[in-house]
Structures are given as structure tokens and as C-alpha cells.
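The next block holds one structure in the form of C-alpha cells; read it before the comments.
The values are calculated or read from the model by the stated rules, or taken from the named source; none is laboratory data. Predicted model, so just to flag it, every value in this text is computed and none were measured. All Cβ positions, even for glycine, are placed from backbone atoms using ideal geometry, and neighbour counts span all protein chains on display. Ligands, DNA and RNA are excluded from the accessible area calculation, which covers all protein heavy atoms including side chains. Shrake-Rupley method; radii C 1.70, N 1.55, O 1.52, S 1.80 Å.
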Amino acid sequence: MTIKLAVIPVAGRGTRLLPLAKSQPKEMLPVGRKPIVQYVVEELYHCGLEKMLFITGPGKTAIENHFDLDPELTEHLRHTGKEELLAELEFEREKIQYFYTRQRKQLGLGHAVLCAEPMIGRENFVVALGDSVLGIHAASKVVRQMITEFEKKSAAAVISFEKVPLQDVHRYGIAAPKEGEEVQEGHIFQLSNIVEKPSAEEAPSQLAVASRYVFSGEIFDYLKKTKPGKGGEIQLTDAIQAMITDGKKVYGLSISHADRRFDVGNFESYFEAFLEFAFNDPDYGLSIQKKMRELLK
């Protein structure tokens, strides 16, 4: 596998989570025992990625601090007889390189990805949204599968999709599979179109972008030509659609239920993610489930 670099956009302000996200990045909100962005990094690392480029913005320094080595904390734990807690800091010592650059203006996801170009050039890379994780406890290998298909098919892009209720399609980029393509969970399919936040009547399917992408470096050429779209932002889906229109090979991967997306984009999805991760905690999961059953009575 030749792709080793992931771009992780984390510049969004998290306005749908106010006041919770007023003084801390939404990507640092806890889901179970860890901030969600740590699950994202662990998921990517377990899929073979070793370089993480964060696209940050104002108020995001907590993310940089979290992934830095903290020798003072390590020494404190040793000197106070809490060596057993050092295992919780193992993520600091993984062979991962961290890089950071700023999105100075909030101009959309497409613009955030474009901010990575000076550090990437024409290299192939992964994009993983920093407020969404695939699978319980970052166990998903979807990104590895996406990279394998990207290289096997000499694709311009591979995008993960999950089926959502029809009433929710207006919140996502929605896939239009190539005519005759049968879409099954865990399988790859070719795209004929991708539509940003369509109405239920306009949606070509119920397959919504699931926060993971693999791109060739040529995506930057298309992003530079993309004009602001819905919300006055530079939409990544518009650049992808332009690639398809130009005859580039763009594929989707329909993820399985086991690899479903958990995010902290709004309070409902955040509460659901936290509860499911808590229910699956190796030490406290069963007792939390018991307490929940009692509350529901």
C-alpha cells in the first residue's frame, strides 16, 4: 500500500453543538473514553496511514496539544504510583507523524482540503473528517479497502457511502451509481454523479457520503476551479462531480452496518455515539446497559 498520508479537516466551528463546543473543539468531545478525533487517528493508523495532516482553525490548539508527547504527565504518573495509567497514553508513542496547517477563512470542506495542497503536491492521499469515526472503537478497515480499490482500479477517487433514511438525504452528498451498477454492502461501485444536499425528490439514491475519501493529487486542480456552491462554500462534492464529468474514474464503497459512521455533528448524533461506545466499553459496558434499562422503566 503506497498511500501513507491522511488529511483531517478540523476547522469547523461546531455551531450546532453550542454551548458545548464554545471553548473546546468539537473534535475533542469525548465519545466513551476518548475524544472522537483520537478514534479517527487510530482508525487511520490501523489502516496503514502514518502521516496525519490536520487542517485547523481558530480555537483548535487543544488538538495539537492532545497528540503531543507529554513527558511531565508521564513522570507525574510514575512518581505518584499510577504507572498503570501509562497504558492510556500509548497513542502518544505510535509511529505517527503529525502536521498542522490553517484554514484561515471558513469557505467549506473543499477549501479546507485545498489548504493541504502546499504540503501534498501531487501525492495520493486520504481525507477523513475529524468529527466522524467508522465502526465501534475505530475497528473499521474501510479505509484500507478503499485504498486497495483505488490502486487496483487506477481511480481518481474512491468515496465511502452509507444508506440513510430518505428524509435525511438533504444533509449529505448523495451518490448516483452508474446505470446498471448493483450496490451491495461492502462492495465497490462506479459513480455517474454525486449531488450535494438534494431534496428527497431530487435525490438519485439514499447513499450518503460517509466521511472518508481517497484522492489522487489532481483533485486540487478541480478544487481551484470550483466556484462557491450551496451555502456560499466551496463544496468538495462539486469538485468530485467535475472529475466525473471529465471522464475520471470515481468509485464509491457502500460500507456495512458494522462499519457505520458515528459523528459529533449535532447533539442527537453525539448522544447516540457516546451511548453506543459506552455500552461497548470493556469494563463498564454491561453495568451502563443495566443502568439504562433501569432508567427506561
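Using every alpha carbon pair in the chain, what percent of pairs falls into each 5 Å bin from 0 up to the bin containing the largest distance? With a bin width of 5 Å, the distribution comes to 1, 5, 11, 15, 19, 18, 14, 8, 5, 3, 1, 0, 0. Under the convention that each Lys and Arg Cβ holds +1 and each Asp and Glu Cβ holds -1, the size of the dipole of the chain around its Cα centre is about 600 debye. Excluding same-chain neighbours fewer than eight residues apart, the lysines reachable from K82 by a Cα-Cα span under 20 Å are K34.
With contributions of -39500 (n - 2.57) from each DSSP H run of at least four residues, the per-residue ellipticity at 222 nm computed over the chain stands at -8500 deg cm²/dmol. Note on region 167-287: with neighbouring protein chains present and a 1.4 Å probe, carbon and sulfur make up 48 percent of its accessible heavy-atom surface. Quarter the surface of the alpha carbon convex hull of region 81-191 and you get the mean projected area, 11.2 square nanometres. Of the residues S216, S140, S154, which exhibits the maximal mean-square fluctuation in a Gaussian network model of the chain defined by a 10 Å Cα contact cut-off? Highest fluctuation among the options: S154.
Projecting the Cα atoms of M52, L18, I63 onto the charge dipole of region 1-67 (Cβ charges, centred on the Cα centre) puts L18 farthest toward the positive pole. On the basis of the beta-carbon distance and an R0 of 30 Å, E50 and E294 show a calculated FRET efficiency of 0.10. Potential lengthening of the chain between K141 and L20 amounts to 40.5 nm, from the contour at 0.36 nm per residue minus the alpha-carbon distance.
Averaged per residue, the chain has 50 square angstrom of accessible surface, using a 1.4 angstrom probe with ligands and nucleic acids left out.
With q set to 0.25, 0.29, 0.30 Å⁻¹, the log10 of I(q)/I(0) for region 102-145, from the Debye formula over equal scatterers at the Cα positions, is -0.97, -1.07, -1.10. Counting only Cα atoms, region 7-90 measures 41, 34, 22 Å along its principal axes, largest extent leading. Go through K4/K153; K22/K95; K26/K178; K152/K225 and tell me which ones have a Cα-Cα distance over 26 Å in this structure. Distance filter (> 26 Å) returns K22/K95; K26/K178; K152/K225. In summary, the aspartates and glutamates within cross-link reach of K197, defined as a Cα separation below 14 angstrom excluding same-chain residues under 8 places away, comprise D168, E233, D238.
Convex hull of alpha carbon positions in region 144-192: directionally averaged projected area 4.0 nm².
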